[in-house]
Amino acid sequence: MKWVHGAACAGDPSPGDWFASADADRTARAVAVCGGCPVRLECLEVGLGEGRGVWGGVPRDGGQVPGGDREQDQAILEARKVARSVARREQERKRLALESPEAREMRLAVRREYSRKRRARATEAG
Ligand code: SF4
């Protein structure tokens with residue numbers, strides 16, 4: 001897991017705080033560190049399958065810090081999906097901006113041919 005290299009908890013002097021659900025203060029400290037972590041969403045995603053510990057700032061074992069509910073997880077994962085989709089569209093836009101006129105013409109020709117065949121199949125079927 002490459003993302004763990006950016007973890008805010010890496011090298012923390014009290015790593016046990018992430019698995020101290022019986023101690024609200026220690027759990028709250030872990031959650032606070034997670035709050036500023038640049039890889040929080042990745043961590044949260046991995047932690048969805050975990051039964052204990054604080055993952056992505058969310059206690060997985062019903063810890064004593066608010067925020068351990070599934071709705072919050074789902075909202076964050078939804079936001080992540082949207083962010084991925086926006087990033088993909090941006091990547092595609094950049095790729096198209098760099099496309100040569102010949103490559104663009106070829107891509108459009110392939111698309112036209114695909115559409116033509118699809119229409120033909122639909123006409124045959126209908
Ligand atoms: S979100 Fe929290 S537990 Fe996950 S990597 Fe970051 S600091 Fe560590």
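The values are calculated or read from the model by the stated rules, or taken from the named source; none is laboratory data. Just so it is clear, the model here is predicted, and its values are computed rather than measured. As a convention, Cβ positions derive from the backbone with ideal geometry for all residues, glycine included, and neighbour counts pool all protein chains shown.
Values computed for the structure shown
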{"quantity": "Total residues in segment 47-62, condition under 16 Å from the mean Cα position of the chain (by Cα) and within 8 Å of the ligand (Cβ to nearest atom)", "calculated": "4"}
{"quantity": "Test for ARG93: is it modelled with pLDDT under 85 and at negative phi", "calculated": "no"}
{"quantity": "Where a residue in segment 1-23 is assigned to a helix (DSSP H, G or I) and its partner, wherever it lies, is more than 10 Å from the ligand (Cβ to nearest atom) and not polar (S, T, N, Q), with Cβ under 7 Å and at least six apart", "calculated": "ASP17/ARG26; ASP17/ARG29; PHE19/ARG52"}
{"quantity": "Residue identified as away from the ligand (no atom under 11 Å from the Cβ) and surrounded by fewer than 13 Cβ atoms within 10 Å (Cβ to Cβ) among PRO13, PRO38", "calculated": "PRO13"}
{"quantity": "Extreme residue, modelled with the highest pLDDT, among residues of segment 41-66 that are loosely packed, with under 15 Cβ neighbours inside 10 Å and of a type in the set (Gly, Ala, Ser)", "calculated": "GLY51"}
{"quantity": "Cβ-Cβ under 7 Å pairs, at least 6 apart or on other chains, segment 25-38 side in contact (Cβ under 8 Å) with a residue 40 or more places away in the chain, far side of a type in the set (D, E, K, R)", "calculated": "none"}
{"quantity": "Segment 16-35, subset surrounded by fewer than 20 Cβ atoms within 10 Å (Cβ to Cβ) and near the ligand (Cβ under 9 Å from one of its atoms), residue nearest to ARG80 (Cα to Cα)", "calculated": "GLY35"}
